[in-house]
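Chemist: This structure is in structure tokens; I'll ask about it shortly.
Nothing in this text is a laboratory measurement; each read-out follows from the coordinates by a stated rule. Here the structure is a predicted model, which is why all the values come from computation and not from measurement. A quick note on method: Cβ atoms are made from the backbone with ideal geometry, for glycine too, and the neighbour counts reach across all protein chains shown.
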Amino acid sequence: MTPPQARTWSQRGRTPVVRVRGRSRRRVSIAALTCYKPGHRSRLIYRPRRDDSRRDGRKSFSWRDYRDLLIAAHQQLGGPIVLVWDNLNVHKAADLQEWAATRDWLTIYYLPPYAPDLNPVEGIWSLLRRGWLSNVAFSTPEHLVQTIRRGLRHIQYRSHLIDGCLTETGLTISP
């Protein structure tokens, strides 16, 4: 009786090589909100945006996209929102600040400059990168978007992961 042999898809002595076409320069941007309310389960609200090379020339989120995300979050959460944002230039856009000033259900605070350790959403990106996006060769932009959505949906349904991202920052929620 012979011992079992390990099998691989490459010839012995040759490193497996995966060929990937590099002609796509499309970008995928994601905006996410981690939502916390004492006595309720934590929530994650996100929106991916693909750069489809549209005429407007934007490759990332505009202030209107963030406005629409906040409106959707307000409708889903059904209450006032206290928003803590990092110092991304779009978050401080004059048009977005003017729009936010007219909303009585929205209060905005900003994190100190370059403080990713205080941002719970950075923990979400870390979970996504270390889990679903690691060791994958994406064949198409659609494959990338599908994998991102699958990973974020997995995190979204597990509120203990979202709570862990807040705990990692050292911040607390007080009513």
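Chemist: Collect residues whose amide H, placed 1.01 Å from N in the peptide plane, falls under 5 Å from the amide H of TRP85; neighbours closer than 5 in sequence don't count.
Modeler: TYR109, TYR110, LEU111
Chemist: Under 5 Å between amide hydrogens, which residues at least 5 positions from ALA115 or on another chain qualify, with H placed 1.01 Å from N in the peptide plane?
Modeler: none
Chemist: What does DSSP give for the chain in terms of the percent of beta bridges that are antiparallel, rounded to the nearest 5?
Modeler: Approximately 60 percent, going by the DSSP bridge assignments.
Chemist: Counting only trypsin sites (Lys or Arg not before Pro) that are in a DSSP loop and have at most 10 other C-beta atoms within 10 Å, tell me the longest site-free stretch of the chain.
Modeler: In short, 56-175.
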